[in-house]
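The values are calculated or read from the model by the stated rules, or taken from the named source; none is laboratory data. Small disclaimer: the values here were computed from a predicted structure and weren't measured. Here the Cβ positions follow ideal geometry from the backbone for every residue, glycine too, while neighbour counts run over all protein chains shown. Ligands, DNA and RNA are excluded from the accessible area calculation, which covers all protein heavy atoms including side chains. Shrake-Rupley method; radii C 1.70, N 1.55, O 1.52, S 1.80 Å.
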Amino acid sequence: MSGRIRVLVAEDDALLRGSLCELVTADAGLVLVGEAGDGAAAVAAVRRLRPDVVLMDIRMPVLDGLAATREVCASSSARVLILTTFDLDEYVYEALRAGASGFLLKNAGPPEILRAVRTVHDGHAMLAPEVTGRVIAEFARRREQPERARFDELTERERDVVAAIAEGMSNDEIAAALFLSRATVKTYLSRLFDKLGVRDRTQLVVLAYETGFVDSLRR
């Protein structure tokens, strides 16, 4: 199993869970380490099986996907990819704030789901294009904005990198737009995560919206 991405599927619908398990098993680059039918079982399975990526349903019995995501992200290095039926589900936004690396709608095709697993495993955000900015911006407006001082302390170039990430640019796209090497972009990202106290690109984007930093760029 060396080099293969370890995946756990957490979904209460047995038929869909079975389909997702089959999809993971059929991919030579992935290995299915387990499955769970509720949030509590998912949290226990993560502790026992140590997956790299968890495909997490948002609405499950015993413990919902939001609470399960919060526990998984707080106690392990596993990346959580939320699967939801609802493209304006407030729980999706809360899951991103809890540490999820992204989300997909359940009607996504197999290639998109497999690509998403690899994307979040590599440390990138994976947000369904239908809802990316709309969900984050909508629910950010409904909350009190947290302290923005951390963004104010960034250098001009660091702010440029944050802006590019908020636009959904990849490392290669950021490098080309800002005339940087790919290695330098990675260095900026690591520095930004430390300065802003976030786990990954997804949390950085959420924070950028919450604090009003993205809105300030549009003025």
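Structure data summary
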quantity: Contacts under 9 angstrom Cβ, first residue in the stretch 184-199 being free of Cβ contacts under 8 Å to residues at least 40 places away in the same chain and open to solvent by less than 70 Å² (accessible area, probe 1.4 Å), partner basic (Lys, Arg) and part of a helix (DSSP H, G or I), 6 or more apart; calculated: TYR188/ARG157; LEU189/ARG201; PHE193/ARG201
quantity: Qualifying position, being closer than 13 Å to ILE113 by Cα, touching a Gly at 6+ places or on another chain (Cβ under 9 Å) and crowded, with 16+ Cβ neighbours inside 10 Å, among VAL9, VAL72, VAL54; calculated: VAL9
quantity: Test: THR119 is at pLDDT 80 or above, among the hydroxyl-bearing types (Ser, Thr, Tyr) and either on the phi > 0 side of the Ramachandran plot or surrounded by 13 or more Cβ atoms within 10 Å (Cβ to Cβ) (or both); calculated: yes
quantity: Residue list for the stretch 22-35, restricted to those being acidic (Asp, Glu) and either without any contact (Cβ under 8 Å) to a residue 12 or more places away in the chain or open to solvent by 30 Å² or more (accessible area, probe 1.4 Å) (or both); calculated: GLU22, GLU35
quantity: Verdict on SER77 being hydroxyl-bearing (Ser, Thr, Tyr), under 18 Å from GLY197 (Cβ atoms) and surrounded by fewer than 22 Cβ atoms within 10 Å (Cβ to Cβ); calculated: yes
quantity: Unmet criterion (only one of (1) at pLDDT below 90; (2) closer than 27 Å to LEU207 by Cα; (3) not in a strand (DSSP E or B)) for THR69; calculated: (1)
quantity: Matching option when the condition is in contact with a strand residue (DSSP E or B) (Cβ under 6 Å, 6 or more places away or on another chain), without any contact (Cβ under 8 Å) to a residue 40 or more places away in the chain and crowded, with 17+ Cβ neighbours inside 10 Å, among ALA98, ALA67, ALA45; calculated: ALA45
quantity: Contacts under 6 angstrom Cβ, first residue in the stretch 107-133 being within 18 Å of VAL53 (Cα to Cα) and assigned to a helix (DSSP H, G or I), partner hydroxyl-bearing (Ser, Thr, Tyr) and modelled with pLDDT under 90, 6 or more apart; calculated: VAL120/SER101
quantity: Selected residue (criterion: least open to solvent (accessible area, probe 1.4 Å)) from residues of the stretch 202-216 that are closer than 22 Å to ARG79 by Cα and of a type in the set (Ser, Thr, Tyr); calculated: THR202
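For every residue, the table says whether it meets (1) open to solvent by 50 Å² or more (accessible area, probe 1.4 Å); (2) part of a helix (DSSP H, G or I); (3) hydroxyl-bearing (Ser, Thr, Tyr); (4) modelled with pLDDT of 90 or more.
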| position | (1), (2), (3), (4) |
| --- | --- |
| LEU20 | no, yes, no, yes |
| VAL62 | yes, no, no, yes |
| LEU81 | no, no, no, yes |
| ASP87 | yes, no, no, no |
